[in-house]
Amino acid sequence: MSSTERATFFVRGRVQGVGFRWWTRARALELGLVGHARNMDDGRVEVVAEGPPSALEQIEELLREQPSTTRRPGSVTSVVRQDASAKGGIAGFVEK
């Protein structure tokens, strides 16, 4: 039985206005994660995801991967991860 955890990723680079949030949503749903991806005022994208630790590791690898093997739009220069306890009560993965 795997536990559910929460991770927030702050993604910097050319990640707004290029389909990055849509791509992130698609990958997260494939991995069985719930949460959201949203543009931030400073140009970053915040990705909040809950699910099994292995799925969180996989989404992080996809966010960081250089070059992308999954046709990730835009370009990523850095990813900062913050872990927390899962809050639960989230359904699906949405773009905000």
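The values are calculated or read from the model by the stated rules, or taken from the named source; none is laboratory data. Only a predicted model underlies this, so the values are computations on that prediction, with no experimental measurement involved. We place every Cβ from the backbone using ideal geometry, glycine too, and count neighbours over all the protein chains shown.
Among the residues making up the range 49-70, those that are in a helix (DSSP H, G or I) and not hydrophobic (A, V, I, L, M, F, W, C) are P53, S54, E57, Q58, E60, E61, R64.
Exactly one residue out of S85, S54 is within 18 Å of S3 (Cα to Cα), out of contact with any helix residue (DSSP H, G or I) (no Cβ under 8 Å at 6 or more places or on another chain), at pLDDT below 95 and among the hydroxyl-bearing types (S, T, Y), and it is S85.
For the range 35-45, a residue qualifies if it is within 10 Å of the chain's Cα centre (by Cα) and crowded, with 18+ Cβ neighbours inside 10 Å, and the qualifying residues are G35, H36, A37, V45. Of the numbered criteria (1) touching a helix residue (DSSP H, G or I) at 6+ places or on another chain (Cβ under 8 Å); (2) of a type in the set (S, T, N, Q); (3) over 21 Å from G88 (Cβ atoms), the one S3 fails is (3).
Taking the criterion of being in contact (Cβ under 8 Å) with a residue 24 or more places away in the chain, outside any strand (DSSP E or B), closer than 20 Å to R71 by Cβ and small (G, A, S), the residues of the range 18-48 that qualify are G19, A28.
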